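Engineer: Can you read through this structure? Questions will come right after.
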Amino acid sequence: MTYDPISRTFVDFFREHGHELVPDGSLIPPPGDPVLFTTSGMHPLTPYLEGRPHPLGRRLVNVQRCLRTTDLDEVGDTTHLTVFRMLGSWSLGDYGLPQSLRWGYELLRDGFGVDHDRLHVTVFGGDDQVGPDESSLRTWGELGLPVELTGQENWWSNGPTGPCGPDTEIFVWTGDGPPRGTPGTDGRWMEVWNHVRMRYRRHPDGSLTPLRQPNVDTGMGLERLEMVLRGHRSVFETEGLVPWVRGVRDVWDLRDEPLRLVGDHLRSSVVVVGDGVRPSNTGRGYVLRRLLRRVLTTLWRDEPSRSLSDLSTGPVRHTLDGFRQGVTVEEVREVLSGEERRFRELLRRGRPVVRRRRSRGPLTDEDYRDLHDTHGLPRDLVDGLLSEVG
Ligand code: SER
């Protein structure tokens, strides 16, 4: 497997400490998994965190592509991406969290050259079910790092039920001049690496029971780490995003937030299409549809004649190569153009229908249902058209 230098440094470090490399899986979780997309490096490992023996052993490392829809509204700022890569390491009932923190510190400082003084950590301060994470406090104290105690921000779970536990997060100072404040008081502290003591299972009634084995699960966003290490101001200046920012700017006059949103959503859509998803009205296909419609809505706000076929093939090819995906550039462009045609047509038909409905007064739930069932207009699209009417 070929890796960029940052991923390679990460993977090599953990391999030197006895970890086996798990290949990068697709964004599509295995059958039976209730979530639509892989949201973190630990996700495909859930059965093994719950105690099933992993064929590669108890120490694992990987670089996993992830997609998070929970952050969709934040995309457009300088640190959030819809599709990103997560560098992850695991101890499946093997070493404990203090060892993981020591390795994490060593890798950041000596492997990646991050100055000790630019680091700050947060630690779980306890709640009514689980006490404060004393051992992380002790370890960070021995390593001489400043600690901030928090509550629920330092509790990690992948959903309302399932494996979970307290975590400790490592932040890097990204501001000019010497660090100030704490991660909780100054947004220039950027979270890069999360180490989770994955040792509980949350049940539907909210209670917690210990997992069969205590695990460590760590995850670090590759693009954010690259941003920090290269001294960039934004994840959009990193290797995987630059072709999109350039490609979009070359053909459309966009800047700042709309530029970042369009770049992120197009790149994410390409990865999703590359993993075999096609636009539809449900499930994964609907996530893809929403991404593309957000792009088109943003583009058409200023200039309705803009088309995704204006974009050159370079960024698409760059992303498919980067994620080692088998589909061709032409296939991707066909999916994008097809979706653009459908959306244009839907807006053309939907606009007068929604206007007529609105002229009779505010829309009721029944109106929304009817617009969806009879005219094929989903609620978020109707809301978009309503905002045009004002
Ligand atoms: N599960 C943790 C996260 O996603 C660490 O991998 O942040």
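The values are calculated or read from the model by the stated rules, or taken from the named source; none is laboratory data. Here the structure is a predicted model, which means the values were calculated and not measured. Using ideal geometry, Cβ is built from the backbone for each residue, glycine included, and neighbour counts are taken over all protein chains shown. For accessibility, only protein heavy atoms count, side chains too; no ligands or nucleic acids. Shrake-Rupley method; radii C 1.70, N 1.55, O 1.52, S 1.80 Å.
Engineer: Out of Val332, Val327, which single residue is surrounded by 15 or more Cβ atoms within 10 Å (Cβ to Cβ) and in a helix (DSSP H, G or I)?
Structural biologist: Val332 is the lone residue from the list that is surrounded by 15 or more Cβ atoms within 10 Å (Cβ to Cβ) and in a helix (DSSP H, G or I).
Engineer: Tell me which residues, restricted to segment 235-290, are assigned to a helix (DSSP H, G or I) and over 21 Å from His318 (Cα atoms).
Structural biologist: Once the filter is applied, which keeps residues that are assigned to a helix (DSSP H, G or I) and over 21 Å from His318 (Cα atoms), segment 235-290 yields Asp256, Glu257, Pro258, Gly283, Arg284, Gly285, Tyr286, Val287, Arg289, Arg290.
Engineer: Among the residues of segment 53-77, write down those that are surrounded by 18 or more Cβ atoms within 10 Å (Cβ to Cβ), over 12 Å from the mean Cα position of the chain (by Cα) and away from the ligand (no atom under 16 Å from the Cβ).
Structural biologist: Answer for segment 53-77, where residues must be surrounded by 18 or more Cβ atoms within 10 Å (Cβ to Cβ), over 12 Å from the mean Cα position of the chain (by Cα) and away from the ligand (no atom under 16 Å from the Cβ): Arg58, Gly76.
Engineer: Would you call Gln129 open to solvent by 40 Å² or more (accessible area, probe 1.4 Å), out of contact with any Phe, Trp or Tyr (no Cβ under 8 Å at 6 or more places or on another chain) and modelled with pLDDT under 95?
Structural biologist: yes
Engineer: Give me the pairs, please: first residue somewhere in segment 60-78 and at negative phi and among the acidic types (Asp, Glu), second residue anywhere and part of a strand (DSSP E or B) and at pLDDT below 95, beta-carbon distance under 8 Å, and either six or more positions apart or on two chains.
Structural biologist: Between residues of segment 60-78 that are at negative phi and among the acidic types (Asp, Glu) and residues that are part of a strand (DSSP E or B) and at pLDDT below 95, there is no close pair.
Engineer: In this structure, does Pro23 turn out to be away from the ligand (no atom under 16 Å from the Cβ) and either under 20 Å from Gly240 (Cβ atoms) or of a type in the set (Ser, Thr, Tyr) (or both)?
Structural biologist: Here the answer is yes, as Pro23 does meet what is asked.
Engineer: Right, something else. Looking only at helices (runs of 4 or more DSSP H) that lie completely in segment 1-115, which have at least 2 residues being under 27 Å from Phe236 (Cα atoms) and of a type outside the set (Val, Ile, Thr)?
Structural biologist: 5-16, 97-106
Engineer: Among residues belonging to segment 351-390 that are under 23 Å from Arg294 (Cβ atoms) and basic (Lys, Arg), point out the one that is surrounded by the most Cβ atoms within 10 Å (Cβ to Cβ).
Structural biologist: Among residues in segment 351-390 that are under 23 Å from Arg294 (Cβ atoms) and basic (Lys, Arg), the one surrounded by the most Cβ atoms within 10 Å (Cβ to Cβ) is Arg358.
Engineer: Scan segment 225-242 and tell me whether some residue there is within 26 Å of Asn154 (Cβ to Cβ) and open to solvent by 20 Å² or more (accessible area, probe 1.4 Å).
Structural biologist: There is at least one residue in segment 225-242 that is within 26 Å of Asn154 (Cβ to Cβ) and open to solvent by 20 Å² or more (accessible area, probe 1.4 Å).
Engineer: While we're here: Which residue out of Glu50, Glu16 is open to solvent by 40 Å² or more (accessible area, probe 1.4 Å) and either among the aromatic types (Phe, Trp, Tyr) or at pLDDT 95 or above (or both)?
Structural biologist: Glu16
Engineer: Something else about it: Would you mind telling me which numbered condition in (1) closer than 22 Å to Val11 by Cα; (2) within 15 Å of the ligand (Cβ to nearest atom) Leu229 fails?
Structural biologist: Every condition holds for Leu229 apart from (2).
Engineer: Let me ask another. Would you tally the residues in segment 212-251 being of a type in the set (A, V, I, L, M, F, W, C) and farther than 30 Å from Leu92 by Cβ?
Structural biologist: 9
Engineer: Tell me, yes or no, whether segment 147-161 has at least one residue that is within 22 Å of Gly221 (Cβ to Cβ), crowded, with 18+ Cβ neighbours inside 10 Å, within 13 Å of the ligand (Cβ to nearest atom) and charged (D, E, K, R).
Structural biologist: There is no residue in segment 147-161 that is within 22 Å of Gly221 (Cβ to Cβ), crowded, with 18+ Cβ neighbours inside 10 Å, within 13 Å of the ligand (Cβ to nearest atom) and charged (D, E, K, R).
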